[in-house]
Amino acid sequence: MPGETSAPLNLGNMLHARAAENPQKVALFCGLEAMSYRALDEYSARLAQWFLGQSLRPGDRVAIHWSNSFEVVQIYFALFKAGMIAVAVNVRLKSAEIGYILEHSGARMCFSEPALASRAKEAGAVCPILTELP
């Protein structure tokens, strides 16, 4: 309606709206574990604030070098909520390929799964490589 302001349409806001509608409904399954919309929304909001507190700004790029898991979904939604750009890094790439992506994407930070971090570190990334979520 004219004069009405609403949150911009993005995946982070869509998650928040879904969590408000059905907070206990299952949003994610991973193996035998499940995560509710409320838990995903709340954690991704805290992580988005953490990103913004790390001298990152909306529009900055953050690389994600992580296998499918709750953590990777939380990182993606946190980036969407913070207005940042997610740079997907395939977990099967070699160090040189990872280095190329990190360098040419302009990623300011990289989340690398602990089991994969040695490849990301060998890539000689100029951005910090984190192996656990805050």
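The values are calculated or read from the model by the stated rules, or taken from the named source; none is laboratory data. Keep in mind that what you see is a predicted model, and the values were worked out from it rather than measured. Virtual Cβ from ideal backbone geometry, glycine too; neighbours counted across all protein chains shown.
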Exercise. So which of Glu97, Glu71 is acidic (Asp, Glu), in a helix (DSSP H, G or I) and touching a residue at least 40 places away in the same chain (Cβ under 8 Å)?
Worked result: Glu71
For this session: Among the residues of segment 100-116, write down those that are over 18 Å from Ser67 (Cβ atoms) and part of a strand (DSSP E or B).
Result: Met109
Seminar exercise, completed: When Pro134 is run through (1) touching a Phe, Trp or Tyr at 6+ places or on another chain (Cβ under 9 Å); (2) surrounded by 21 or more Cβ atoms within 10 Å (Cβ to Cβ), the failure sits at (2)
Seminar exercise, completed: Considering residues that are farther than 25 Å from Glu21 by Cβ and free of Cβ contacts under 8 Å to residues at least 24 places away in the same chain, the number found within segment 38-54 is 1
Problem set entry | Exclusive hit being under 17 Å from Ala107 (Cα atoms) and either without any contact (Cβ under 8 Å) to a residue 12 or more places away in the chain or in contact with a strand residue (DSSP E or B) (Cβ under 9 Å, 6 or more places away or on another chain) (or both), set Val26, Val91 | Val91
Problem set entry | Identity of the residue in segment 44-70, under 11 Å from the mean Cα position of the chain (by Cα) and not aliphatic (A, V, I, L, M), that ends up modelled with the lowest pLDDT | Phe70
Exercise. Which pairs do you get when a residue that is farther than 11 Å from His65 by Cα, found in segment 117-134, comes within reach of a residue that is among the small types (Gly, Ala, Ser) and crowded, with 18+ Cβ neighbours inside 10 Å, reach meaning Cβ atoms under 6 angstrom, with the pair 6+ apart or on two chains?
Worked result: Ala123/Gly99; Gly124/Gly99; Cys127/Ala107
Exercise. Looking at this structure, is Gly59 among the small types (Gly, Ala, Ser) and in a loop (DSSP other than H, G, I, E, B)?
Worked result: yes
Exercise. Within segment 87-96, can one find any residue that is farther than 25 Å from Leu28 by Cα, among the charged types (D, E, K, R), surrounded by fewer than 17 Cβ atoms within 10 Å (Cβ to Cβ) and at pLDDT below 95?
Worked result: yes
Problem set entry | Qualifying residues in segment 16-37 (those that are under 20 Å from Lys81 (Cα atoms) and charged (D, E, K, R)) - the one modelled with the lowest pLDDT | Arg18
